[in-house]
Amino acid sequence: MRLHGDVDDERLMEVIKEFEGPIYQRPPLRSAVKRAVRIRRIYKIEVLEREGRNVLLRVWCEAGTYMRKLCHDIGEVLGVGAHMQELRRTRVGSFSEDKHLATLHDLVDAYYFWREEGIEDYIRKVVLPVEYAVRHLPKVVIRDSAVDAICHGAYLAVPGILRVESPIKVGDTVAIFTLKGELVAIGRAKMRSEQMVSAMRGIAVETKHVIMRPGTYPPMWRGTRKAAG
Amino acid sequence: MRVPQWLVKREVLIRDEEEADPRFGKPPEQRTVEELLELGVVNLDKPVGPSSHEVVAWIKRMLGFEKVAHGGTLEPPVGGGETPRSRGYCL
């Protein structure tokens, strides 16, 4: 963040603190979403460095928070004005700047090492199983017999469930897994986690995105008719 | 204050126990590189300048993949030129 005037450390910290918690934001003129005031949560703001009018911040926020707007608003409250100078996304969902972060060069090199020389180590470090992308979501583990139905887009009914990670609230995004730890699909919870293990019947998860290819598991859901015929 | 998803502590609730059928599927870590490339993710440190969209197109061309997508970008660079990091999915 670049301040447009001089502010002392104490005042700066005080104003930044005020921006932690729920804040109102109206998406900027040039934006991909409807321009209605909305609420976004700022979990935490950390001042990493400061040099005169340049302030380096680390912000933990909810998806859809405009950082440019946040800088602008902090400037308004300070009374001197401010704008966002530079931005780097350091984490999104399960992705952070960890050992798996790869550059385009890493990716291309790793691919050629594997393709041309049969060396697997590099490509395996760069290309991660899809499951990695949903590490942050609560898991619902299902029976092998329920897998193919989900692959065909069916909703997950309670009897197909083996175990669930709690807490899950109605409306939460959850990841449906096999016993072997393969991602089957991503869906929206229609029940709380406690109900998923206690209910006798009903739809537990509405399937939204199917990840696993149909046919990976046998189609038990076609029932006895097909098995007999 | 509400806790972000990635900080939630979770416990496992068990409804029923069942053995995995060894005839179908396999644990993710046993996938071959071919299988991994068919459905894998890359946590990509995107260079400054090109848009995520462009980077996706390059990866497609350089590696000859049919489907590549990304999930996570920011506004297009304006003024000072910001650097969002994007991640790519290669399907």
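For the range A:102-117, how many residues are at the interface with chain B (Cβ under 7 Å from one of its Cβ atoms) and surrounded by fewer than 17 Cβ atoms within 10 Å (Cβ to Cβ)?
To start, the set of residues in the range A:102-117 that are at the interface with chain B (Cβ under 7 Å from one of its Cβ atoms) comprises A:102-104, A:107-108, A:111, A:114.
Subset that is surrounded by fewer than 17 Cβ atoms within 10 Å (Cβ to Cβ): A:103, A:108.
Number of matching residues: 2.
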Q.
Every residue in the range A:118-128 that is at the interface with another protein chain (Cβ under 7 Å from one of its Cβ atoms) and not in a helix (DSSP H, G or I), please.
A. A:120, A:127, A:128
(Q) Whether any residue in the range A:107-117 is outside the structural domain of residue A:182 (by TED's automatic domain parsing) and assigned to a loop (DSSP other than H, G, I, E, B) is what I want to check. (A) no
Q) Since residue A:102 meets every condition but one in (1) over 20 Å from residue B:55 (Cα atoms); (2) touching a strand residue (DSSP E or B) at 6+ places or on another chain (Cβ under 7 Å), which condition does it not meet? A) (1)
Q: Considering only the range A:1-31, state which residues are small (Gly, Ala, Ser) and either without any contact (Cβ under 8 Å) to a residue 40 or more places away in the chain or touching a Leu at 6+ places or on another chain (Cβ under 6 Å) (or both).
A: A:21, A:31
Q) Condition test on residue B:71, is it exposed (fewer than 15 other Cβ atoms within 10 Å of the Cβ), under 12 Å from the mean Cα position of the chain (by Cα) and modelled with pLDDT under 80? A) yes
Q) Which of the following residues is modelled with pLDDT under 90, more than 20 Å from residue A:60 (Cα to Cα) and surrounded by 18 or more Cβ atoms within 10 Å (Cβ to Cβ): A:127, A:141? A) A:127
**Q.** Filter result for residue B:49 (more than 16 Å from the chain's Cα centre (by Cα) and not β-branched (Val, Ile, Thr))
**A.** yes
**Q.** Enumeration of residues in the range B:1-46 that are over 17 Å from the mean Cα position of the chain (by Cα) and of a type in the set (Asp, Glu)
**A.** B:11, B:16, B:17, B:18, B:19, B:21
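Looking only at the range A:203-224, filter to residues that are in contact (Cβ under 8 Å) with a residue 40 or more places away in the chain and hydroxyl-bearing (Ser, Thr, Tyr); which one of those is nearest to residue A:135 (Cα to Cα)? Outline the logic, then answer.
Just the residues of the range A:203-224 that are in contact (Cβ under 8 Å) with a residue 40 or more places away in the chain, to begin with: A:203-207, A:210-221.
Subsequent filtering for residues that are hydroxyl-bearing (Ser, Thr, Tyr) retains A:207, A:216-217.
Values: A:207: 18, A:216: 22, A:217: 23 Å.
Among them, the one singled out is A:207.
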Q: Taking the residues in the range A:190-202 that are surrounded by 18 or more Cβ atoms within 10 Å (Cβ to Cβ) and touching a residue at least 40 places away in the same chain (Cβ under 8 Å) as candidates, determine which candidate is nearest to residue A:147 (Cα to Cα).
A: A:196
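To keep it simple, each residue is scored yes or no on (1) within 13 Å of residue A:2 (Cβ to Cβ); (2) within 20 Å of the chain's Cα centre (by Cα); (3) of a type in the set (S, T, N, Q); (4) surrounded by fewer than 17 Cβ atoms within 10 Å (Cβ to Cβ).
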| site | (1), (2), (3), (4) |
| --- | --- |
| A:33 | no, yes, no, yes |
| A:40 | no, yes, no, yes |
| A:46 | no, no, no, yes |
| A:51 | yes, no, no, yes |
| A:58 | no, yes, no, yes |
| A:61 | no, yes, no, no |
| A:66 | no, yes, no, no |
| A:69 | no, no, no, no |
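For the range A:77-99, which residues satisfy the criterion of being small (Gly, Ala, Ser), touching a strand residue (DSSP E or B) at 6+ places or on another chain (Cβ under 8 Å) and surrounded by fewer than 17 Cβ atoms within 10 Å (Cβ to Cβ)?
Taking the range A:77-99 as the starting set, the residues that turn out to be small (Gly, Ala, Ser) are A:79, A:81-82, A:93-94, A:96.
Okay, now just the ones that are also touching a strand residue (DSSP E or B) at 6+ places or on another chain (Cβ under 8 Å), so A:81-82.
Result: A:81, single match.
Just to be sure I understand, how many residues within the range A:160-174 are surrounded by fewer than 23 Cβ atoms within 10 Å (Cβ to Cβ) and within 12 Å of chain B (Cβ to nearest Cβ)? Spell out the reasoning first.
Taking the range A:160-174 first, the residues surrounded by fewer than 23 Cβ atoms within 10 Å (Cβ to Cβ) are A:162-163, A:165-167, A:169-173.
Then keep just the ones that are within 12 Å of chain B (Cβ to nearest Cβ); that gives A:162-163, A:165-167, A:169, A:172-173.
Qualifying residue count for the region: 8.
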(Q) Regarding the range A:47-67, can at least one residue be identified that is in contact with a helix residue (DSSP H, G or I) (Cβ under 6 Å, 6 or more places away or on another chain), of a type in the set (A, V, I, L, M, F, W, C) and at pLDDT 90 or above? (A) no
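The values are calculated or read from the model by the stated rules, or taken from the named source; none is laboratory data. On a predicted model such as this, the values are computed, not experimentally measured, just so you know. Methodologically, a virtual Cβ is constructed for each residue, glycine included, from the backbone with ideal geometry; neighbour enumeration extends over all protein chains shown.
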